[in-house]
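Step one of this worksheet: look at the structure below.
Just so it is clear, none of the values below were taken in a lab; they were calculated from the coordinates. All figures in this text were calculated on a predicted structure; none of them were measured in a lab. Methodologically, a virtual Cβ is constructed for each residue, glycine included, from the backbone with ideal geometry; neighbour enumeration extends over all protein chains shown.
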Amino acid sequence: MRAVTWQGKRKVSVDTVPDPVLQEPTDAIIKVTSTNICGSDLHLYEVLGPFMDPGDILGHEPMGIVEEVGSEVGDLKVGDRVVIPFQISCGHCWMCDRSLYTQCETTQVREQGSGAALFGYSKLYGQVPGGQAEYLRVPQAQFSHIKVPEGPPDDRFVYLSDVLPTAWQGVAYADVPAGGSLLVLGLGPIGDMATRIAQQKDIGQVIGVDLVPERIARARAHGVEVIDLNEHGDDLLAVVQEMTGGRGADAVLDAVGMEAHGSPAASLVQRMAGLLPDAVARSVFEKAGVDRLAALHTAIDLVRRGGTVSLSGVYGGMADPMPMMSLFDKQIQLRMGQANVKRWVPEILPLLTDADPLGVDSFATHRVPLSEAPHMYEIFQKKTDGAIKIILQP
Ligand SMILES: NC(=O)c1ccc[n+]([C@@H]2O[C@H](COP(=O)([O-])OP(=O)(O)OC[C@H]3O[C@@H](n4cnc5c(N)ncnc54)[C@H](O)[C@@H]3O)[C@@H](O)[C@H]2O)c1
Ligand SMILES: [Zn+2]
Ligand SMILES: [Zn+2]
């Protein structure tokens, strides 16, 4: 089959690789019909390179049709139309019983000290072959699937794999008081979707911050009050305070993560790590940390005293310095983590109707064949050609 593979820093290719086969009775194989590129893939493309091997198959936002099933996959059948969550979880362990699917004790990657295994997401998360491919082996398939109805286009459902539950959890964890304000940092797919979800809830004021013109325009067109960092890089705090009665936002959702613009010293450290042999670079990453906390620091500044900071953006350094004095003095609640996908699906599904209140049918900016993946990674990372969300169609 053809698959998108990681080959090195900022280098992916589309190769012929062996077709996946059933290995366990709880496995299924799906024929992939749509599979997205995610902001999380950009971390692999750039800073998490030391945890990848050339040839690793990328991708964790797939959907498709069940092609083959093992003997213990419950009611999953050949021919079912399914979305596959980005995390692999069993559905019956202590963590899964508490809906903490990204901490699944059956698939935890213990040798790395990590939570549940993820598709296509480096040695840190089990080095499981990913879904940017014609076919995907789904472990723990009895639970790691979401059945969706026939009829509507893939676009209607494909974001259930990641974007929708991640944005949903980010808003839920932000815990905005009724009628209160939510500031979303970063208007990529996750931040943009979070603003749309916030508008469906009892949140009085939704403010977005980014610096990419199309992303700003898109959020503004949805009725979000947007602050352009190109204009307000220096007086952002003052602008937000003016918009929020002088206090700051009740909650800030950081939908940026560790690829933030605005930490030049950090990117130097990062570039140095990129030049080191992998083993050394891994240890720099794990022990020295990677100071890419620009967005998190901004979130802590912009939230009001006694407010909540919700992190959807992924952070990775083990020793990143935290501004403990501000966090403690401002009495900030900090909530974060990979999204527990199936925890939120029942709440999201009623919004995936023909009326399309979240605008999922027109959310993608690019729908292209798998073969165009290398160029798509490039424009998504550089934020050129209007690339906001890219669906690959194998
Ligand atoms: N928690 C989860 O389960 C989960 C799931 C999916 C994605 N993520 C993470 O969410 C984050 C966003 O993902 P995405 O797909 O939207 O990616 P993206 O890279 O397209 O979006 C990030 C956005 O942040 C903007 N930005 C950069 N620096 C900024 C700054 N200093 N202030 C404000 N905005 C800034 C960028 O211009 C961009 O629009 C990534 O870190 C990704 O890994 C987490
Ligand atoms: Zn993703
Ligand atoms: Zn489990």
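What is the local net charge at GLU372, summed over the other residues whose Cβ is closer than 13 Å to its Cβ (Lys, Arg +1; Asp, Glu -1)?
0
Please check which bits of region 123-139 a label hung off VAL21 would reach, taking the label as a point 7 Å along Cα-to-C-beta and the cut-off as backbone N under 16 Å.
136-138
Tell me the label-point distance for the pair ARG10, ARG110, using the 7 Å Cα-to-Cβ offset, in nm and rounded to one decimal.
Reported label-point gap for ARG10 and ARG110 is 4.1 nm.
Between ARG335 and HIS375, what length comes free when the chain is fully extended (0.36 nm per residue of separation minus the Cα-Cα distance, one decimal in nm)?
This chain segment gains 10.9 nm when fully extended.
Label point 7 Å out from ILE65 along Cα-to-Cβ: which residues of region 82-100 have amide N under 16 Å?
Hits in region 82-100 for ILE65 at 16 Å: 82-83.
Using only the alpha-carbon atoms of the chain, report the extent along each of the three principal axes, biggest first, to the nearest angstrom.
60, 51, 44
Exposure proxy check: LEU327, LEU352, LEU136 ranked by fewest other beta carbons within 10 Å?
LEU327, LEU352, LEU136
First check a/c for region 301-365, with a ≥ b ≥ c the square roots of the eigenvalues of its C-alpha gyration tensor; if it is under 1.5, answer rounded, and if not, answer prolate when a/b is larger than b/c or oblate otherwise.
Prolate, because a/c is 1.5 or more and a/b exceeds b/c.
For each of LYS342, LYS123, LYS11, count neighbouring Cβ atoms within 10 Å of the residue's Cβ, then give the residues from fewest to most.
Fewest-to-most Cβ neighbours within 10 Å comes out as LYS11, LYS123, LYS342.
In which sequence would ILE216, ILE84 go, from the one with the fewest C-beta neighbours within 10 Å to the one with the most? Before the final figure, lay out each step's value.
Details: ILE216 20, ILE84 29.
Ascending number of Cβ neighbours within 10 Å: ILE216, ILE84.
Based on alpha-carbon centroids, what's the gap between region 292-307 and region 23-86 in Å, whole number please?
Cα centres, region 292-307 to region 23-86: 34 Å.
Hey, which of these cross-link pairs are over 20 Å Cα-Cα: LYS201/LYS330; LYS31/LYS147; LYS77/LYS147?
In this structure, LYS201/LYS330 lie more than 20 Å apart at Cα.
In deg cm²/dmol, rounded to 500, what helix-only [θ] at 222 nm does the chain give when every DSSP H run of at least 4 residues adds -39500 (n - 2.57) and the total is split over its residues?
Dividing the helical sum by the residues of the chain leaves -7500 deg cm²/dmol.
Using a Förster distance of 35 Å, how high is the FRET efficiency between ASP354 and VAL78, based on the Cβ-Cβ distance and rounded to 0.05? Walk me through the intermediate numbers first.
Working: r = 28 Å, r/R0 = 0.81.
So, using R0 = 35 Å, E works out to roughly 0.80.
Full extension from LYS201 to ARG220: what is 0.36 nm times the residue separation minus their Cα-Cα distance, to one decimal in nm? Write down the numbers at each step before the final one.
Numbers: separation 19, 0.36 × 19 = 6.84 nm, distance 1.79 nm.
Residue separation times 0.36 nm, minus the Cα-Cα distance, leaves 5.0 nm.
Using label points projected 7 Å from each Cα along Cα→Cβ, tell me how many nm separate THR384 and SER362, to one decimal.
2.7 nm
Leaving out same-chain residues fewer than 8 places away, which lysines sit with a Cα under 24 Å from that of LYS11?
LYS11 reaches LYS123, LYS382, LYS383, LYS389.
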